1. So how much slack lies between residue B:150 and residue B:67, counting 0.36 nm per residue of separation and subtracting their Cα-Cα distance, in nm?
2. Anyone know which of B:24, B:62, B:127 comes out most mobile in the 10 Å Cα GNM of chain B?
3. Starting at 0 and stepping by 5 Å, how many percent of the alpha carbon pairs of the protein assembly as shown end up in each bin?
4. For peptide A:9-22, how many partner chain Cβ atoms fall within 10 Å of a residue's Cβ, on average?
5. At 15 Å minimum axial length over the Cα atoms and a Kyte-Doolittle cut of 0.0, report the qualifying DSSP H helices in chain B, or say none.
6. Taking only DSSP H segments of four or more residues, each worth -39500 (n - 2.57), what value at 222 nm results for chain B once the sum is divided by all its residues, to the nearest 500 deg cm²/dmol?
7. Calculate, for residue A:25 and residue B:57, the FRET efficiency according to 1/(1 + (r/R0)^6) with r their C-beta to C-beta distance and R0 25 Å; round to the nearest 0.05.
8. Over all directions, how big on average is the projection of the convex hull of the alpha-carbon atoms in chain B, in square nanometres?
Amino acid sequence: MGMADVAGRLGAASAVLQTMGDQLADTSDRATPHFATELASTLDASWAAQLELTKRLGDELMELAASIRIAAQRYVEADQGF
Amino acid sequence: MDALELLEPAASELLSRSDGVLARSGAPEGHEILRLLRLTGRLPADLVAEIVTWNPAALDARAEVLREQAERHRDIASELSKPVPWEGPAASAFGVRLNAAAKQSEELADSASSLAVHYTELASWVRVARRQLAQTLASVLSSAEAVTLCTVTMAPLERSAAAIRIGTIVLRDAERFHHACTEFAASWPQPIAAVMPTPLAMPSAIIRAEGLA
């Protein structure tokens, strides 16, 4: 498996994570009544953390995939230079 | 439609009437209803209306989303744990980041699974609590106090006592909701923390520093 394959795998994982983040965002409507303010804020906080870290991981994998593609391209260019 | 939704229209009418009397006549100093009103911050009719909108199916839906996501996070963690096909400092730096990403995905999977269990427990509790509240409302609707409240010829003092009695019974149920919500909040899993302390731009910087640029 080459670097391009790894970058492709990471890119695909990143896309899945973005979709998962969107799904969490779509489901983030209020799940508790207004009188249960403490429970509501607790649920919201844990849901928001799950959403934020899922999206952040997706972003990081996307960036990592891009870094690997650049590195692979530079390997190719370096080889051609010899 | 559960029992609470079926009873809600009739209960709402009676409780609105009861709340009106309560607001006009008040309650004796030190009466239990005053403590319950302070605790809940709402009149019985408003409180019941809010509880009726608390749909356990929405909590089940969240649990289902989290269970699906836990599986996908585990798949991603497994994918990220595969060995990298090249060697050198850049590969090492990449491996560190990839391991951190795999760990984060596993943490997200565990967190999603744990949250799903709690959402399911909460949904089950809400169903039971709704049934209990429906029973309370049914008993209130068929009580002598309800008849007293709805009979305009009754003496104001009797109507006031009936309103206080009805309000107290309903708010006692609401107090159980309040305590249970507090307990659920206290036992709810803490929000997941990030396991990636450094920005991911690092590997590409190392790759460039390695002399490939």
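1. Net length gain for the segment: 24.9 nm.
2. Largest GNM mean-square fluctuation: B:24.
3. Using 5 Å bins, I get a P(r) of 1, 5, 11, 13, 11, 9, 8, 7, 6, 6, 5, 4, 4, 3, 3, 2, 1, 1, 0, 0, 0, 0 for the protein assembly as shown.
4. That average works out to 3.
5. Span-like helices, by this rule, are B:3-25, B:89-141, B:156-187.
6. Working: 8 runs with 165 residues, N = 213.
Dividing the helical sum by the residues of chain B leaves -27000 deg cm²/dmol.
7. Between residue A:25 and residue B:57 the formula returns 0.80.
8. Details: hull surface 66.0 nm².
Computed as one quarter of the Cα hull surface, the answer is 16.5 nm².
The values are calculated or read from the model by the stated rules, or taken from the named source; none is laboratory data. Just so it is clear, the structure is predicted and the values come from calculations on it, not from any experiment. When we count neighbours, we look across all protein chains shown, and the Cβ atoms used for this are built from the backbone with ideal geometry, even at glycine. These accessible areas exclude ligands, DNA and RNA; they are computed on the full protein's heavy atoms, side chains included. Shrake-Rupley method; radii C 1.70, N 1.55, O 1.52, S 1.80 Å.
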